[in-house]
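The values are calculated or read from the model by the stated rules, or taken from the named source; none is laboratory data. Everything numeric here is computed off the predicted structure, so don't read it as measured data. As a convention, Cβ positions derive from the backbone with ideal geometry for all residues, glycine included, and neighbour counts pool all protein chains shown. For the accessible areas, the whole protein counts, side chains as well, though only heavy atoms, and no ligand, DNA or RNA atoms are used. Shrake-Rupley method; radii C 1.70, N 1.55, O 1.52, S 1.80 Å.
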Amino acid sequence: MSAQKSRKPKASRARAFRLDTGLRPGDVDLHINVDPQAGKAFDGRVEFELDSDRPRRRIEIHAAELRVHRARVAFGGESLRGRIVMRPERETALIHFDRTLPAGRLRLSLSFAGTLRGDLSGLYGAEVNGARYAFTQLEPASARKFFPCFDEPAMKARFALSVTTPAANQVISNSREERVAIGDTGQKTVHFERTPLLSSYLVALAVGDLRASRVVRAGKTPIRLWFVPGFENLVDFGLLAARQSLLRLEEYFGIPYPYSKLDLVAVPDFEIGAMENAGAVFFRETLLLIDPDTVTLAEKKRAAEVICHELAHMWFGNLVTMAWWDDLWLNEAFATWMAFWIVDRWKPGWKMWHDFQHHRAPALDLDGLRNTHAIYTPVASPEEANANFDVITYEKGASVVRMLEHYIGEAAFRRGVRKYLRRHFEANASANDLWSALEEASGEGVAKVVQAWTLRPGFPLLRVKTERRGKTTHASISQERFREGPARKADTLEAAWPIPWVAHVGRSGRAPSAHRRQLLTRRRQQVPLGKTAPRFLYANADEGGFFRVEHGSQEHEALLQHAGDLAVAERMGWVGHQWALVRTRRAPLARFLEVADALASDRDPDVLAALERPLAVLGRRLAPLASAEAPELFAAWIRDHFGAGFGALGFDPRPSEAGPRRLRRARLLSLAGGLGADPTLIREATRRCGAYLTDRDSLCPDLADPVVGIAAASGNARLYARLRRAAERAHTPQERRRFLLALADFPGNDEIDETLERCLGDGVATQDVAFVLARAMANPAATLRTWRFLRRRWSRLLRRMPPHLAGRLIETTPLLGTKAHRKEVAEFFREHPVPSAERTLRQALERFDSWNRFKGPARRELDAFLRSP
Ligand SMILES: [Zn+2]
C-alpha cells in the first residue's frame, strides 16, 4: 500500500543497520563452552554455510561486545584466512579477504569469546542460592551478543548447537538432544538435533542445575517444565495449560506443532514476562510455576494466558516470521488476541475477555496522548523495535485483530489465517500478506478497514444520540479523534475512521435486546434502529471496538436506569469512558460519580475492579488537594457504597463457594478496607495477615493481595521484618513477589528507605527492581522519597536495570503531580537520557500536563460533591 510505503524509513537510514541481503546463511553449526559456576567467560566456534549472490572480498556479520577471531572461509576445495575489523557502531564484524570470493556456496568459520552478561540479555548469568546459571534472551537484537550471526528476522537458518559444560549441568536448547559425549575431565558435550529454519532471535540456551518435570504429551509432542531446585511441586498447572493450549492451537491453525519437543523453562531472573524461543520457551517463574493451594485465580489466569500466548507464537512468529521489525506488532497483537481466544474456549468460566478489558484500558489511555504511535511504525534500528514493545503493540493491536475477526466472522478469519500460514511456511511475511489472505477467505475489503487502525495513531471518540426521524428512530453518530489534551486543528482535517460499529440496543417490552451492526465511514452518520424507540442504546456492544463513546444526556440517563441489562464488558467499558470524559474535562466529575453510584452494588468483580482504578485516583490523589476534610469524606463515601457489600460476604468463604463470589469479596475488601480505610477492616486484615504469614491455609488465596496490601499500608516495623523474611523464604514465586512488593507499601520512612536500599543489592533480583520501585512511587506516603532516591541513585540503578525496565520507572513519575516536579523530571532526564525511553518520557510529561489541567476544576467539584447533603 502506498500509505505504508511513504512511511518507510529513508533507505540510507535503514541501510545503516541492515546487512547485505545478497549473502544468506543456510546451515549453522554452533559450539559453545560455558561453565557458569566457574566464572563469567564463555567462548565458542561457529560455522556457516552461506549462499553468496556475487563475487565479494568482504563479509559483514553481526557481533556485539564479543571478541571475534580466526575467521576462515572455504569454497571449492580452497580455504582463506580473513582479517577481522570490528564495527561497534553497526554491531558487526567486517571480514576482509585477500582474494575475491566467488559467488555461490561458501563456508565461513569464526571463533569468538564473551562474558556472561549482567543485564538479562544476550547470554547472561543468574544466581540462585549460590548456584549459577546461564540463560539467553535474544529478542530483538541480542543474538549478536551471544555469537556472531546474521541477526535479522528474515535471515533464517538451520542451527545445530553443541554445548560443552560440566557433566552435572543440564543443557536446554531449541531441539532434542542428539547425543551426549562425556569427556574425561568431568565435562560433557551435548549435541542437539538441527533445528528447522529459525530466525536468530529465537535461538535458546539454558545451562545449570535445573530440574525437569515428568513428560506429558500433546499428540506427538513431549512437554516438560524446567525449574531451579525446590519447585518440584509447582509443575502440574503449567503442564496442563501448555497441553490444553497446544492441542487447541494445532486445531485452530490446522498445522501440527512445528518443533520436535516443547520445553518450558522457569528462569529465576528474566527481563520480560516470557519469550517464545522455538521449542524452548522461557518464562518468569511467577508465570509458569503454580501452587494450586495458594495461588490466586488472577495469577493462574495470567499464567495460562501467557503460556498460550507464547505457544501461539510457535506458528505465528516462529514458523511464519515478520520480514522486518516494523511488523513486530502483528506477531504480538495476534498472539495476545489468540491467547484470550483459546483460554476462553478452554475455561469459559474464567471470563477471559473481561480480563482483556482490564489489559486494554491502559492502551486506550496511552493512545489518547499526543506522543502515542501508530501500531505500525517504521523502524530502522533494533532500538526502535525495542521502544515499540508497549500496550499499543500488544493490546491495541489485539483489539484491532479482534475487531477484524468480529467484522469478517470467526470462520472466514480462521480460514484466512490458515491460508497465510501455509503460504509462508518457514518463511517471512508482512501484515499485507495477512490482509490478502483474509480478503481471499472472506471476500471483504479487509486492508482498507484495518490499515486505518494500524497506520494512524490514536482512535476516535463517538458521540451518540438517538433521534426520531419520521417513523424511525436513528442513532446519530459523529466521530472525532479522542485527545487527552486539547483538540488540534489538524484533527478536523483527518479522515473518518472506518469503524465496524456494533451497538447494543435494548428493546422495549418483551423483545430481546439486539446488536445493530454498521460499517461507519463518515464523520457524521445516521444509522436507523427501527420503528420503536429503544429502552437504551450502548454504542460499543461487548466493548468489541477500540474507541470511546460519549452518550447524549438522555441516553446516559437511560443507561443509568438499565445498567443491569448491559453486558459485563459494557459496564466495564462505560466506567472507563465516563472517567476519560471527566478526566479530559468533556464531562463534569458528577457524571462519573453517578455511574459509580449506579454500579457500586454490581455483583461482577470485574466491574468493581474497573471502578476501583478511577476511584483510587480520586481518593489518593485528588481528595488531598480538595480540602482538609475531603480525604475522610471521600473514604466515608467509599465505605458507604462498598462496606455493606463486603460485610455481607465476610472474610471467610463458604465451603465450595464459586469463583466470582471469592473475587468480589477480594475487590470489596480492597475498596472498603483500602480506599475506604475502614478501621475495623484494617485491624482485621492486619490480624489475618499475621496469621497468614504463619499458616497459608488460614486465608482464602484470593484475599492474599488485599489483606497483605492493607496490612502493609498501615504496618509497623515488626510487620515489615516479618514480610521481608517471608519474601526471602517464600514457598512459591507468586508469594515472593507478593511479599516483596508489599515492602514498598509501608507508611514509615525507615521501612521505605530500607526497601529502596534493597533495590541496589542482592535483596531484590534484577528483574524485580523496577517493579518494587514503581510500587513505592505509587504509595502516596513514599512517592517523594522514592523520587529523591531515584535521582540520587540513578546511575547505579541503571547499571542494574535493563533499559526496558528503566522506562517503567519513567512511566511512574507523573504520580508526583505538580508542575514543579514536571520541570524536575524533564531536567533530570535531559541530563540522564535513556535513549530507548525517549517517547516514554514525553508521554510522562504529557500526563503531568493532563493531570494539572484536570486537578484544578476537579478538586473544587469533588469538594462540593462530598459536602452536598
Ligand atoms: Zn509475544
Cross-link pairs beyond the 23 Å C-alpha cut-off, checked among 448/531; 819/855; 465/531: 448/531
Area of residue 97 that stays accessible when all protein chains are in place (1.4 Å probe, Å², to 10): 10
Accessible area of residue 98 in the full protein assembly, 1.4 Å probe (Å², nearest 10): 130
Kirkwood hydrodynamic radius of segment 572-614, from inverse mean 1/r over distinct Cα pairs, in Å: 10.2
Enclosed volume per residue, in Å³, of the convex hull spanned by Cα atoms of segment 196-278: 113
Cα gyration tensor shape of segment 91-246, rounded if a/c is under 1.5, else prolate or oblate by comparing a/b with b/c: prolate
FRET E, pair residue 523, residue 469, Förster distance 25 Å, beta-carbon r, rounded to 0.05: 0.85
Segment 35-139: relative contact order as a whole-number percent, Cα under 8 Å and 6+ apart: 35
Label-point separation in nm, residue 585 to residue 508, each point 7 Å along Cα→Cβ: 4.0
Accessible surface, 1.4 Å probe, highest first, among residues 245, 513: 513, 245
From the C-alpha gyration tensor of segment 669-773, square roots of 5λ in Å: 22, 16, 12
Helical contribution to [θ] at 222 nm, DSSP H n ≥ 4, -39,500 (n - 2.57), averaged over the chain, rounded to 500: -13000 deg cm²/dmol
Calculated Rg and Dmax of segment 530-595 using C-alpha coordinates, Å: 11.6, 36
Long-range HN-HN contacts of residue 474 with modeled amide H, under 5 Å: 467, 468, 469, 529
19 Å Cα-Cα reach of residue 188 towards lysines, excluding residues that sit fewer than 8 places from it in its own chain: 40
Rel. contact order, % - alpha carbon contacts under 8 angstrom, at least six apart, segment 500-581: 30
Segment 614-746 - Rg over Rh from alpha carbon coordinates, Kirkwood radius: 0.98
Ordering of 349-359, 138-148 by packing [mean C-beta count within 10 Å, highest first]: 138-148, 349-359
Extent along principal axes [Cα atoms of segment 90-181; Å; largest to smallest]: 53, 33, 26
Segment 22-161: Cα Rg divided by the 2.2 N^0.38 Å rule of thumb: 1.09
Reference-scaled alpha-carbon Rg (2.2 N^0.38 Å with N residues) for segment 337-385: 1.57
Calculated SAXS-style log₁₀ I(q)/I(0) at q = 0.20, 0.24, 0.31 Å⁻¹ - segment 179-233, Debye, Cα scatterers: -1.13, -1.19, -1.13
Amide H partners (placed H, <5 Å) of residue 322, local residues excluded: 429
Calculated P(r) tail over 23 Å for segment 597-680, as whole % of Cα pairs: 21
Rg over Rh, two decimals, the chain (C-alpha only, Kirkwood Rh): 0.97
Fraction of antiparallel bridges per DSSP, the chain only, in percent to nearest 5: 80
Three semi-axes of the equivalent ellipsoid, segment 706-844, Cα gyration tensor, whole Å, largest first: 26, 16, 12
Rg(Cα)/(2.2 N^0.38 Å) for segment 136-217, N = residue count: 1.18
Alpha-carbon gyration tensor eigenvalues x 5, square-rooted, for segment 446-563, Å: 26, 15, 13
Relative frequency of Cα-Cα separations exceeding 15 Å in segment 239-287, percent: 51
Compactness of segment 265-352, expressed as Rg and Dmax over alpha-carbon positions, Å: 13.5, 44
Relative contact order (percent, whole number), segment 526-622, Cα cutoff 8 Å, 6+ residue spacing: 24
